[in-house]
Amino acid sequence: MITSTEHINGLISDLRLQAVDFNKLFNGRKSLTPLESVELFLKEELQLKIDKQNRSRQKNAKLPYTKTIAAFDFGFQRSVTKEQMLQLSDMTWVEQAYNICFLGPPGVGKTHLAISLAVEGLNKGYIVAFETLENLIKILKTCEITTSSRRRLKYLQKATLIIIDEVGFMPLNATEANLFFSFISAMSEKTSLIITSNKGFDEWADFLGDQTITTAILDRLVHHCEIINMTGNSYRLEHHKSITG
Ligand code: ADP
Ligand code: MG
């Protein structure tokens, strides 16, 4: 029986497998036994499936941009050491659902370091998701009426690591603070969170509007948590670039 490539591609499509470049796959491997050919094909399918899942995890993480630990100047920012970050980049803490809080004024590198750990997590095969607190609240408020919010919430619920950026930038009303508490509470002990905030914990009640809910949120957040207090000048201000030089 002579089987055409189109026929095989049709079967691959019916089985929802990945399209395979047979010429490339079998190039120089003409002497394979039937079983070896099947094995080679299945291994290729597996690799293509893994590649597809990796691309999808990268895309669904919704990182605003990529940053690395290698690109961070630890000479400029001395509140955290390279050794500390390299230790955290082994990502073993996500297995115990530990959290990390980067606290400090604008421009000191909180989001940079949070994203660099998100990148490490993605490279290690974890499901990672990035949201600003503002967007997270929007998702929580609209998940019952908007399909995209419902889908995103489902994705967050299956993530191993969620970065919540810019906590403290905007004040929350009572409903929003409660939604934030419920989310933190639902994630605690099961999902790792990386929080960045321009406010110290003692100032959180100011934007959360209520001391009781603040205590409840912090209680869950810091139970298993690495707190990195960052000080110093804004990297943006010190390294600002002008148009005319
Ligand atoms: P924050 O989140 O604390 O406001 P960012 O992480 O957004 O600050 O940093 C602002 C910009 O400065 C980013 O482009 C970031 O990559 C860069 N940056 C901040 N600190 C450093 C540093 N120590 N080394 C290299 N780049 C830095
Ligand atoms: Mg930031």
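The values are calculated or read from the model by the stated rules, or taken from the named source; none is laboratory data. Note that the structure is predicted; figures quoted are calculated from it, not measured. Here Cβ is always computed from backbone atoms with ideal geometry, including for glycine, and neighbour counts include all displayed protein chains.
The residue list S188, S182 contains one member that is at pLDDT 95 or above, touching a Leu at 6+ places or on another chain (Cβ under 9 Å), of a type in the set (S, T, N, Q) and away from ligand 2 (no atom under 16 Å from the Cβ), which is S182. Among the conditions (1) among the aromatic types (F, W, Y); (2) modelled with pLDDT of 95 or more; (3) within 16 Å of ligand 2 (Cβ to nearest atom), the only one that W204 does not satisfy is (3). Within segment 105-135, the set of residues being touching a Lys or Arg at 6+ places or on another chain (Cβ under 9 Å) and away from ligand 1 (no atom under 16 Å from the Cβ) comprises L122, G125, Y126, I127, V128, A129. If only residues of segment 153-166 that are surrounded by fewer than 22 Cβ atoms within 10 Å (Cβ to Cβ) and among the charged types (D, E, K, R) are counted, the one that is nearest to ligand 1 (Cβ to nearest atom) is E166.
Here the strands (runs of 3 or more DSSP E) wholly within segment 137-245 that include at least 2 residues being closer than 26 Å to Q96 by Cα and touching a helix residue (DSSP H, G or I) at 6+ places or on another chain (Cβ under 6 Å) are 161-167, 192-197. Going through segment 109-137 one residue at a time, which ones are surrounded by 17 or more Cβ atoms within 10 Å (Cβ to Cβ) and more than 16 Å from ligand 2 (Cβ to nearest atom)? Answer for segment 109-137, where residues must be surrounded by 17 or more Cβ atoms within 10 Å (Cβ to Cβ) and more than 16 Å from ligand 2 (Cβ to nearest atom): E120, G121, L122, Y126, I127, V128, A129, I137.
If we scan segment 83-103, do we find a residue that is under 13 Å from M230 (Cβ atoms) and loosely packed, with under 13 Cβ neighbours inside 10 Å? Among the residues of segment 83-103, not one is under 13 Å from M230 (Cβ atoms) and loosely packed, with under 13 Cβ neighbours inside 10 Å, which makes the answer no. For segment 56-63, state whether one or more residues are at positive phi and within 13 Å of the chain's Cα centre (by Cα). Yes, segment 56-63 has at least one match.
Among the residues of segment 80-130, just one is outside any helix (DSSP H, G or I), over 18 Å from I164 (Cα atoms) and among the aliphatic types (A, V, I, L, M), namely V80.
So that you can scan it fast, the table gives a plain yes or no per residue for (1) surrounded by 13 or more Cβ atoms within 10 Å (Cβ to Cβ); (2) in a helix (DSSP H, G or I); (3) of a type outside the set (S, T, N, Q):
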{"site": "G10", "(1), (2), (3)": "no, yes, yes"}
{"site": "R16", "(1), (2), (3)": "no, no, yes"}
{"site": "L25", "(1), (2), (3)": "yes, yes, yes"}
{"site": "L35", "(1), (2), (3)": "no, yes, yes"}
{"site": "V38", "(1), (2), (3)": "no, yes, yes"}
{"site": "E44", "(1), (2), (3)": "yes, yes, yes"}
{"site": "L48", "(1), (2), (3)": "yes, yes, yes"}
{"site": "N54", "(1), (2), (3)": "yes, yes, no"}
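Would you check if F74 is on the phi < 0 side of the Ramachandran plot, more than 12 Å from ligand 1 (Cβ to nearest atom) and either buried (at least 21 other Cβ atoms within 10 Å of the Cβ) or of a type in the set (A, V, I, L, M, F, W, C) (or both)? Answer is no for this residue. Taken across segment 80-99, residues that are of a type in the set (F, W, Y) and near ligand 1 (Cβ under 9 Å from one of its atoms) do not occur at all. When D210, D219, D206 are checked against the criterion of being touching a Lys or Arg at 6+ places or on another chain (Cβ under 8 Å), more than 15 Å from G107 (Cα to Cα) and either acidic (D, E) or within 16 Å of ligand 1 (Cβ to nearest atom) (or both), D206 stands alone in meeting it. With respect to K110, determine if the residue is under 12 Å from the mean Cα position of the chain (by Cα) and at pLDDT 95 or above. The answer is no for K110.
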